[in-house]
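The values are calculated or read from the model by the stated rules, or taken from the named source; none is laboratory data. The structure presented is a predicted model; accordingly, all values stated were derived computationally and were not measured. We place every Cβ from the backbone using ideal geometry, glycine too, and count neighbours over all the protein chains shown. The accessibility values were calculated without ligands, DNA or RNA, using every heavy atom of the protein model including side chains. Shrake-Rupley method; radii C 1.70, N 1.55, O 1.52, S 1.80 Å.
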Amino acid sequence: MASDAEPGRRRRCCCARDSPDVPKGSDSRGDSDGPRRGSLCDRHCAAINNVQGDLGDLGCHLHRPRVPPATSTPSCYQQHSEEVCESCVVKTTLTAENAVEANKLSNNYKFGFKKWKSHVTARPWEDRSEIVKELYSDLNVIRSSGGSTLTCGNVLYLLLFGWWLLLLYVLVAAMMFITIIGAPYGKLCWDLAGYFLWPFGKVIQKVEVPKSHQVREASAGESSALLGGPTPHRWRPRCWAGTGYWHHTSTVAWLCLGYPVLALAHGLVCVTAWLLIVLIPVAKLSARATSRVLLLPPERVLIRRLRMTEVPLEGEVILCCYRAANPYYYKYSVDGINVFAVNLLPLVLVTLVLGYADSPNHLTGSAVKFTLALLSIMPLSYYIGMAIASISAQSNFAVGAVVNATFGSITELTFYITALIKGSREGNRCYAEVVKSALTGTLVGCVLFVPGLCMVIGGIRHQEQRFNSRSAGVSSALLFLSVGGVFAPTLFSKVYGKLVCGECHNVTQNPLGHYLCHNCHFDLMDNNGTLYYSHVQPLVYTVSILLPAAYLIGLFFTLKTHTHIYDIHISDCHMPGHHHSAVVHWSRWRALVILLLSTLCMSACADLATEHISPILTNSTISQYFIGVTVLAMVPELPEIVNGIQFALQNNLSLSIEIGNCIAVQVCMLQIPILVLFTIFYPTNFTLVFSDLHVYASMFSVVLMNYIFMDGKCDYFQGTVLVMVYFILLAVYFFAPSPSGC
């Protein structure tokens, strides 16, 4: 679930020494998660553990048998009782509910793997908070103290739905009374009209039909200490006794006249409330009313107002609602899929149908279709990320690495390749420039905006956040290497290219005076393209081979030979009370099918986006640079940004930083070489020569990011600096003239 809290993070100090003042096998101060007290080294490590974040080595060569926590199981203690460390290292221990979740958490800390916050398995019900339990509970539970029903959410329900549902039920009741035979249902609709005007603090109960000889006794009245008062007597014709419910003419009249109208109204309420997310309780209320209440015989439906006194109800409680709105429903998920991704999925279908069925733009224009296609990329990116995380968590390391390397950048590559193909067919160089702008925007955004925003939001809750500077240093080094390699052909062209200007004017009216020139660029095709084909192109191919090789070396370094730099430990001990197998949301085959379907839909949406971006690029007064570095670059990364913010809120800034760094590294070391390789087999206008603005913005961003990350700690002020610099660069792109060829 996207909103469930990450499994408990605790500190484990593996620096200790033999000390007689700490009894073995006992728990100090009764704190199972806290550090051991007693010796000088213990107190030193305890002081370190009080600081949040990943710390470095402290150079201590002392050891002693580990004191087991009070909550540890004997098997877990026997496994870890003889730990000997050669340095005082503070490790972050993550406790997972099962082996699949442990594998997913471990993958989050592996370089090159997609960082995923959501659970890939169903969390045990007993481990969820009371807030989350309330989200998934049915509206048939009577609480001891519901509190006041006069809330803003309930008033909003009254204004949006309650008043017109009241009128509709009154009209249906009148219609059923007119039919005579539907009078019992008219009485039911009259009672439900008052209920749906303000259903809060009321209960709908399913009561058993008394036997024929008990009808007179039941009509005399019955009372309940909880509900209070006599049971409202409903008119029951004698002809109903002993006959089947679905064979009555009144039922036929109800199903033909009354029920369809009310079911349609409740369906509209259900869809509207579900899309608003915070009003999901109203959606549950309408769905339950349509499927249960309106299909019951009138004499079996009982509506009463709750009172403070409680006794168990004899009949089944069908509906009991206290609140129409709950702000925590952003945590709600359906089969492991966050509710936002569920609500955006129909948008993908609308985009595909509208885009391909209305190709002449009779219904909507290109701007609307481009916007819909771009918005559809967000839920598809979420499904791709969920599928990759599910497959990786249920597979071995090799399969996970292949899946992440293959589909990790599929969202961006799909759009880039379709744009280059369209530009090549139309002979328009503007598409290649837009792709370069999107590549640069992704690099700059993931280096500045993503970590900066996470620092700001995380810094609001935590005064100072620490992260593993050693693991961040690996990504920083790869960023320096990748940026230098990507822009090497550009720098080469600046040195050896011939400056060509489109239009020049003599300012001084002197042939030897000053000239004012426009549309100047470095020409690499001088002398029949000798410079480009003999020097620049071989350099581009060389860089495109070296960058993926460096990426593989980085993978081998971080995942094989130097795994200790991540300073993380995934507990292989089951949490107390957990003795069940993992129930995955998506099996490997299901995740694979969803991954392929999402990739196919992503290709279709990217095709529609590139098909309808041309009028926007031609008629828009905004620079094409700005469109590329903002909309096209950052919209596909929104699910990653949300994951980074969630990690930062849980004081796990290391993963927030790694999310941005890994995307930036993959842009330079995987996506760009793949695009170069694609141009070999399918010639396009894409060349690895960027404008000066892209070069300066990328290099400055990487240098600033490394300066901020040097000390391994940060606060909201440093995050604000990164965000402000990003917005300054956006302002530069906004006021920059459009690139040549657009």
Original post:
Do you know the relative contact order of the range 352-456, to the nearest whole percent, from alpha carbon pairs under 8 angstrom that are 6+ apart?
Top reply: 13 percent
**OP:** Give the accessible surface of the range 621-726 per residue, rounded to a whole number of Å², with probe radius 1.4 Å and ligands, DNA and RNA excluded.
**Re:** 34 Å²
**OP:** Give the ranking of Lys115, Lys560 by solvent-accessible surface, highest area first, calculated with a 1.4 Å probe.
**Re:** Lys560, Lys115
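Placing +1 at every Lys and Arg Cβ and -1 at every Asp and Glu Cβ, with all other atoms neutral, what dipole size does the range 591-742 have around its Cα centre, in debye to the nearest 20?
Charge dipole, the range 591-742, about its Cα centre: 80 debye, nearest 20.
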Original post:
Arg588 accessible area, nearest 10 Å², 1.4 Å probe?
Top reply: 130 Å²
Original post:
Can you give me the relative contact order of the range 600-726 as a percent, contacts being Cα pairs under 8 Å and 6 or more apart?
Top reply: 8 percent
Original post:
Hey, what D do you get for the range 650-742 in µm²/s if you plug the Kirkwood alpha-carbon radius into Stokes-Einstein at 25 °C and 0.890 mPa s?
Top reply: 154 µm²/s
Subject >> From phi via Karplus (6.51, -1.76, 1.60), per-residue ³J(HN,Hα) for the range 293-298 in Hz, x at Gly/Pro >> reply: 5, 6, 9, 8, x, x
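At 1.4 Å probe size, put Ile674, Ile384 in order of accessible surface, largest to smallest.
Details: Ile674 70, Ile384 5 Å².
So the residues, ranked largest to smallest area, are Ile674, Ile384.
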**OP:** Enter the accessible area of Ser291 (Å², nearest 10), with the probe set to 1.4 Å and all protein chains included.
**Re:** 70 Å²
**OP:** Whole number in Å², please: accessible area per residue of the range 395-464, 1.4 Å probe, ligands, DNA and RNA not counted.
**Re:** 34 Å²
Subject >> Nearby lysines by direct alpha-carbon distance to Lys206 (threshold 26 angstrom, same-chain neighbours under 8 apart not counted) >> reply: Lys133, Lys187, Lys284
